[in-house]
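Each remark here refers to the structure printed beneath this line.
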Amino acid sequence: MNPNFLSFELPILELDAKIEALGSAATQAGADVTEALSQLQNQRKNEIKSIFSKLTPSQISQVARHPLRPYTYDYIKHLATDFQELHGDRAYADDKSIVGGLARIGDHPVMIIGHQQGRDTKEKILRNFGMPRPEGYRKALRLMKLAERFNLPIVTFVDTPGA
């Protein structure tokens, strides 16, 4: 079983396997299977809607803790342009678990601040598993004061296992 899929997502995983098998078989045989592929993809889309519309509270909690959930950098990449990251608390050090900087969302300049966890072990250690140290809180406060000074809205992404 794929560790990146949750137990209630198994029907989706099975459909993904069928789609992949059909695509590779069609490539080897040179057959036209576009109609069958589109049916399977529509079935997959409907299965996703069906599964995620009926989640229990514990399943919602599992989705919120999903290992492939988006983190702050993922949101920045898809929502914002011209992101300019700002580092350090100007007192001690730069906390890599807090990401912040100036960006544009549409035509609006904003200050983005968020927790960043890692995807692999090396990055998780670098970012202290997304748990800020005191310099991270000072960095966030400094960025908030900077946003206040320039009358910028603040967009925050909070994703922390702690308080």
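The values are calculated or read from the model by the stated rules, or taken from the named source; none is laboratory data. Not measured: the values here are computed from a predicted model. With ideal geometry, Cβ positions are generated from the backbone for all residues, glycine too; neighbour counts draw on all protein chains shown. SASA here: full protein model, heavy atoms, side chains in, ligands and nucleic acids out. Shrake-Rupley method; radii C 1.70, N 1.55, O 1.52, S 1.80 Å.
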Item checked: Among (1) touching a helix residue (DSSP H, G or I) at 6+ places or on another chain (Cβ under 8 Å); (2) more than 27 Å from Glu14 (Cα to Cα); (3) not in a loop (DSSP other than H, G, I, E, B), the one test that Tyr92 misses -> (3)
Next item on the list: Kindly indicate whether Ile48 is aliphatic (A, V, I, L, M), part of a helix (DSSP H, G or I), within 20 Å of the chain's Cα centre (by Cα) and over 30 Å from Leu126 (Cα atoms).
Entry: yes
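Can you tell me which residue in segment 53-74 is modelled with the lowest pLDDT, limited to those that are of a type in the set (A, V, I, L, M, F, W, C) and open to solvent by less than 80 Å² (accessible area, probe 1.4 Å)?
Restricting to residues being of a type in the set (A, V, I, L, M, F, W, C) and open to solvent by less than 80 Å² (accessible area, probe 1.4 Å), the top hit is Ala64.
Please count how many residues of segment 76-123 are aromatic (Phe, Trp, Tyr) and either loosely packed, with under 15 Cβ neighbours inside 10 Å or at pLDDT below 90 (or both). Can you show your working first?
First, pick out the residues of segment 76-123 that are aromatic (Phe, Trp, Tyr): 83, 92.
Pick out the ones that are also either loosely packed, with under 15 Cβ neighbours inside 10 Å or at pLDDT below 90 (or both) and you get 92.
Number of matching residues: 1.
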Notebook entry, point to check: Restricting attention to segment 144-160, does a residue exist that is touching a Leu at 6+ places or on another chain (Cβ under 6 Å), touching a residue at least 24 places away in the same chain (Cβ under 8 Å) and open to solvent by 80 Å² or more (accessible area, probe 1.4 Å)?
Noted result: no
Checklist line | Unmet criterion (only one of (1) acidic (Asp, Glu); (2) open to solvent by less than 90 Å² (accessible area, probe 1.4 Å); (3) not in a helix (DSSP H, G or I)) for Asp16 | finding: (3)
